[in-house]
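Notes to accompany the following structure.
The values are calculated or read from the model by the stated rules, or taken from the named source; none is laboratory data. Because the structure is a prediction, the values reported are computed rather than measured. For neighbour counting, all protein chains shown are included, and Cβ atoms are generated from backbone atoms with ideal geometry for every residue, glycine included. Please note that ligands, DNA and RNA were not included when accessible areas were found on the heavy atoms of the full protein model with its side chains. Shrake-Rupley method; radii C 1.70, N 1.55, O 1.52, S 1.80 Å.
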Amino acid sequence: MAEDMSIENYLAQGGVLTNPSNVPSRYRAELMKLMATFVDSELAGAAGFADIINQGPGIKERIAAAKIVLEKTDNADRVLKIMGEFGANEDKYANHHPWTARLDRDADIGTSRSEQDMRLAVFNYPLDGWADAVVMNLLMGRAVAVQMAEFSMVSYQPLAEAFRAIAPIEARHAELAEEGVTKLLETADKSALQASVDYWWPRVAASFGSASSEKAENLKAMGLRKTANADLKARWEAETRAILENLGLTAG
């Protein structure tokens, strides 16, 4: 970075930061929120899916579900280690909130979250059996794939590298879910699967946040975002709608 260039200008021009020592306070706050949202969502998602493992129709399905739980927890730990470099208490973090906690199925909280639990709102809703869990994992897995592509370009280099390593793991989870839905369609009630799609579609869509956000522009200036929420959501909708149509299901 040139000596006469501020960190803000450096970031706005595509510069990257590599360690906590040269991170401005405002940047640090937004970076920590981004990491906490990912970690909390992975821990909550893993906890919810763990409760459903033994409802899997066969050994292979249960092994796949258990692997997803393990890998999501490991992905959370990978990012939590970076948070630890900024002062987060890694040892206590995993126990600071009941990750299995869920709202009623018909609750409507939009995109709201709390300061103590930064999980995406979608992870506050309960799974309703094995088939519902597989459908949710497909829709959310596709959303995560879109978000990982975005987060793999953040301006904090260690986090970008972590997300690039996590991306193919999360992509495989979405593939497993698609395979699971395909298998369920051989024997399950298609209308029940469609009902799960209808339930989860708007809740997963909400995870992309507001279409117009002044904060998003500020994050772009810091190199923590590159693409507008609306564009990310549109990409998810198009890609996921195509997958659902191929399965004989209809997007919400």
Inset, instruction - Go through 105, 164 for me and flag whichever is in contact (Cβ under 8 Å) with a residue 12 or more places away in the chain, open to solvent by 30 Å² or more (accessible area, probe 1.4 Å) and either hydrophobic (A, V, I, L, M, F, W, C) or farther than 30 Å from residue 22 by Cα (or both). - result: 105
Inset, instruction - Give just the number: which of (1) open to solvent by less than 60 Å² (accessible area, probe 1.4 Å); (2) within 24 Å of residue 104 (Cα to Cα) does residue 202 not satisfy? - result: (1)
Inset, instruction - Filter the range 211-238 down to residues that are touching a helix residue (DSSP H, G or I) at 6+ places or on another chain (Cβ under 6 Å) and under 30 Å from residue 105 (Cβ atoms) and give me whichever is most open to solvent (accessible area, probe 1.4 Å). - result: 235
Inset, instruction - Select from the range 90-100 the residues that are out of contact with any helix residue (DSSP H, G or I) (no Cβ under 6 Å at 6 or more places or on another chain) and exposed (fewer than 14 other Cβ atoms within 10 Å of the Cβ) and list them in ascending order. - result: 91, 92, 95, 96, 98
Inset, instruction - Can you give me the number of residues within the range 109-128 that are modelled with pLDDT of 70 or more and either of a type in the set (Asp, Glu) or outside any loop (DSSP other than H, G, I, E, B) (or both)? - result: 6
Inset, instruction - List the number of the failed condition for residue 186; all other conditions in (1) open to solvent by less than 40 Å² (accessible area, probe 1.4 Å); (2) of a type outside the set (Lys, Arg); (3) farther than 24 Å from residue 31 by Cα hold. - result: (1)
Legend entry - Residues located in the range 4-25, provided they are assigned to a helix (DSSP H, G or I) and touching a residue at least 60 places away in the same chain (Cβ under 8 Å): 8, 11, 12, 20
Inset, instruction - Would you be able to say whether some residue in the range 75-89 is within 23 Å of residue 176 (Cα to Cα), open to solvent by 40 Å² or more (accessible area, probe 1.4 Å) and modelled with pLDDT of 95 or more? - result: yes
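Can you spot a residue in the range 148-158 that is open to solvent by less than 10 Å² (accessible area, probe 1.4 Å), touching a Ser or Thr at 6+ places or on another chain (Cβ under 9 Å) and assigned to a helix (DSSP H, G or I)? Can you show your working first?
Residues of the range 148-158 that are open to solvent by less than 10 Å² (accessible area, probe 1.4 Å), as a first pass: 148, 150, 154-156.
If we keep only those that are touching a Ser or Thr at 6+ places or on another chain (Cβ under 9 Å) as well, we get 150, 156.
Pick out the ones that are also assigned to a helix (DSSP H, G or I) and you get 150.
Yes: one or more hits.
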Inset, instruction - Keeping to the range 50-74, report how many residues are in contact (Cβ under 8 Å) with a residue 24 or more places away in the chain, within 14 Å of the chain's Cα centre (by Cα) and open to solvent by less than 30 Å² (accessible area, probe 1.4 Å). - result: 2
Inset, instruction - Among the candidates 232, 219, 176, single out the residue that is among the aliphatic types (A, V, I, L, M) and farther than 30 Å from residue 20 by Cα. - result: 176
